[in-house]
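What follows draws every value from the coordinates through simple rules; no lab data is involved. All figures in this text were calculated on a predicted structure; none of them were measured in a lab. Note: ideal-geometry Cβ built from the backbone for every residue, glycine included; neighbour counts use all protein chains shown.
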Amino acid sequence: MGILTEGELAPLTFEEIQQYKEFLKTHGIQQFCRHYNKIKDKNYETLKWGDEIEMMMIRLDDEKKSAPLVCKAKDIIGPLTEAENLNPGNTDTAWRPEMTEWMIESSPGRPYGGNIDHFNTVEANMKIRRDELMSYFNDDKERILSLSTYPRLGCRDVFYPPMENKVEENDATRSYCIPDEVLNQTHIRFRKLAEMMTKRKGRKLFRNAPIFRDTNTPNPFIDPDVPKDSPEDIEVMKPNHVHLDSVCNGLGCGCLQTTFQACNVEEARTLYDQQTVLAPIVMALSASSPCIKGYLLETDTRWENISGLCDDRRADELGEVPLIDKTRRRLYKSRYGSVDMYLSEENDKYNDIDIIYRDEHLKILLDEGIDQQLARHIAHLFTRDPLAVYKHMLEDQEMDHFELFNSTNWQTVRFKPPPPGANMGWRVEMRPIESQLTDFENAAFTCFVVLLTRVCLSYELNLAIPMSKVEKNMERASKRDAARQEKFFFRTNLGPEETESRNEEMTMNEIINGGTTFPGLLNVIQFYLSHLDIDADTRCTISQYLKLISARASGEVLTTASWMRKFIRSHPKYKFDSVVSEEINYDLMKMCTEITSGNVQCPDLFTPDLMSKSCRYVPEKNKKMLEEVEKITKNLNGRQTSFF
Ligand code: ADP
Ligand code: MG
Ligand code: MG
Ligand code: MG
Ligand code: MG
């Protein structure tokens, strides 16, 4: 291996990081305080937003009936980013390196703004991104998929060009299933993340993913790929679970993220809270990860797999042994995990989960005038250790030390301060959504989240319920077929005059489309839209997206995960033993590429009727619901409503 330094960037070793980490923590917190106090009263141009989609490159080999992941980001990331580097903010697309060589992240070149007709651009821009990436392919077998989890990720022979996995050469992960060679080859940060988490944990990272029990699945199922001579794996593997041991099994998964700029810090804190509640809901609705390492799982999302594989806590932090020194804390979650607390003052009363931090960190923040609630959030970020640190960072940088921690706390929602010197405000990033196969579906999820957050802000609706219930929703959201089978806690009184949150367990259909006591989020959105001045074209665009979300929630169409599971289980070669063979995977991947390109229609996922821009969204049965919505928003009637 080689080629790992980006120009002058010299990364610190694990031992050096240990030496400097306390300094980096104290400075990171001080940097936040200084920056915050400088900008806290500043107002920014309101609503800007954008999406990110991680693309995966695969190759369809029709003779061998295989569909390996193509590892070539290193060959194309340079040319792909050139235009943006020359002309920042003036390109249609923006490209970012990702964890592994088969992935590249894409975004619109400029964020969208407060014009509602930007909804007409989202899907088209996603298509431009696909076409642009495709233009760098010279092998006609290569395809782009926006998958969340590659079904055979972790099996032998799933990479192109083929590579052998030599465990003894996997310095960063020590994985028996994925060679370190697939870690991003041009940006050392990614390799460092893998190496530092492994070193910090003091053993290999791992995740035991529950296998889906089919009629012929061995009972107990003992993962046959785990080497018999690897005590480290044998010690932690569990019967009836698929044993994963590379961070690439986690961070090598893709997703759809949306980022929103708020007009000031207060609005950002409100936005953060609303998105925190929505996180498990949209995750379940977008589920698209029913398998990994060639097995069907009992879960449908990537979330718990990544969470496990980024869990770098040590035994004392896990509560298995007493804490080793005064800098350590008992930590209840992986650094890749759900949000722990609400940030807006009105929701502090729903913060019923223990927030872990160090008193000396909290004190720095409080002494600098940061309020208790925000101080606890920031201090909590600093219970984690820094991962990829470069030598030049040891000098005082404006916000770099803070970012070192903020950017490696991978929570469902991220609170992002304005970068110093840039013309950018407070941003909130929604991170749990699983990517969908088509631009149409990805655009639908994006627009749904954008609209819902606008509705909450415009009508001052509050979705907050006790945080412990959001946590329960997260646990349920990953389960197999959660969108149809699970119930989720959801607030029933959303209106601004409501003081005490009431919530009920509801089905996804009730939450999205409305039930006996709840009007349904889509109806609230409809109500909002009916008060906006929107041109017919945009109205039609939005209506097709909302129809899709509605149909996914009602079960009229399947989630991507349920469709994939159905495809696999009805494949003639499937033996009902939970195994997703190379040939089944090839057929599935091939079908996915056909659906993505629109060559094949898949009515299980969306019917042609759903995709048509027909503007016929509001069905009769929802008329009554709209009256319900009028009730919640009645005190706002007559108030000017605008999109931004
Ligand atoms: P990260 O990987 O940390 O999320 P990226 O730069 O990859 O950061 O992604 C930024 C996302 O934020 C993109 O979706 C982009 O369109 C969006 N974005 C860029 N500028 C703004 C802004 N001023 N306000 C809101 N979103 C923005
Ligand atoms: Mg990004
Ligand atoms: Mg990414
Ligand atoms: Mg992002
Ligand atoms: Mg990122």
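List the residues whose amide H sits under 5 Å from the amide H of R384, counting only those 5 or more places along or on another chain, with H placed 1.01 Å from N in the peptide plane.
Hits under the 5 Å cutoff: none.
Using just the helices of the chain, give the 222 nm mean residue ellipticity in deg cm²/dmol: DSSP H runs with n ≥ 4 each add -39,500 (n - 2.57), and the total is spread over all residues, rounded to 500.
Mean residue ellipticity at 222 nm (helix-derived): -12000 deg cm²/dmol.
Just tell me which lysines come within less than 21 Å, Cα to Cα, of K363; anything on the same chain fewer than 8 places away is out.
K21, K25, K38, K40, K326
Any chance you could check the Cα centroid distance between region 345-367 and region 384-418 for me, in angstrom?
Cα centres, region 345-367 to region 384-418: 19 Å.
Please state the shape class of region 222-329: rounded when a/c is under 1.5, otherwise prolate if a/b exceeds b/c and oblate if not, all from the C-alpha gyration tensor.
It comes out oblate by the Cα gyration axes.
What shape does region 103-192 have by the C-alpha gyration tensor, where a ≥ b ≥ c are the square roots of the eigenvalues, rounded means a/c under 1.5, and otherwise prolate means a/b greater than b/c and oblate the rest?
The shape class here is prolate.
As a footprinting exposure proxy, order R302, R207 by other Cβ within 10 Å, with the fewest listed first.
If I rank by nearby Cβ atoms, fewest first, I get R207, R302.
Among K74/K293; K201/K238; K469/K575; K141/K333; K141/K575, which pairs are too far apart, with a Cα-Cα distance over 30 Å?
Over 30 Å Cα-Cα: K469/K575; K141/K333.
Are there any GluC sites (Glu not before Pro) in region 332-372 that are in a DSSP loop and have at most 13 other Cβ atoms within 10 Å? List them by number.
none
Convert 37 °C to kelvin, take the viscosity as 0.692 mPa s, use the Kirkwood radius over C-alpha pairs of region 34-169 as Rh, and evaluate the Stokes-Einstein diffusion coefficient in µm²/s, rounded to a whole number.
For these conditions, the coefficient is 190 µm²/s.
Just how far, in whole angstrom, is region 218-241 from region 558-604 if you go by their alpha carbon centroids?
So the two Cα centres are separated by 27 Å.
Could you tell me which of G114, P88, Q372 has its Cα farthest along the dipole of the chain towards the positive end, charges placed at Cβ (Lys, Arg +1; Asp, Glu -1), taken about the Cα centre?
Q372
Tell me, what HN-Hα J-couplings in whole Hz come from the Karplus equation 6.51 cos²θ - 1.76 cosθ + 1.60 at θ = phi - 60° for each residue of region 228-241, using x for Gly and Pro?
Calculated HN-Hα couplings, in order: 5, 9, 10, x, 4, 7, 4, 4, 10, 5, 10, x, 6, 9 Hz.
Which of the GluC sites (Glu not before Pro) across region 128-221 are loop residues per DSSP, with 11 or fewer other Cβ within 10 Å?
When the GluC sites (Glu not before Pro) of region 128-221 are filtered for loop state and at most 11 Cβ neighbours within 10 Å, E164 remain.
What list do you get for T91, T301, T453, T13 if you sort them by fewest beta carbons within 10 Å?
T13, T91, T453, T301
Over the alpha-carbon set of the chain, divide Rg by the Kirkwood Rh and report the Rg/Rh ratio to two decimals.
Answer for the chain: 0.94.
DSSP loop trypsin sites (Lys or Arg not before Pro) in region 513-599 with at most 15 other Cβ atoms within 10 Å of their Cβ, which ones?
Listed in order of number, the matching sites are K573, K575.
Just report the Cα centroid separation between region 151-188 and region 266-289, whole Å.
33 Å
What number comes out for the charge environment of P161, summing +1 per Lys or Arg and -1 per Asp or Glu over other residues with Cβ under 15 Å away?
Computed value for this residue: -2.
Using only alpha carbons, build the gyration tensor for region 163-304 and give me the equivalent ellipsoid semi-axes, biggest first, whole Å.
Gyration-tensor ellipsoid for region 163-304: 32, 23, 13 Å.
Which helices count as membrane-span-like in the chain under these terms: full DSSP H, at least 27 Å along the axis by C-alpha, Kyte-Doolittle mean of -0.5 or more?
Taking the DSSP H segments of the chain (at least 27 Å long, mean hydropathy at least -0.5), we get 265-286, 439-459.
Can you put L145, L309 in order, fewest other beta carbons within 10 Å first?
Exposure proxy ranking, most exposed first: L145, L309.
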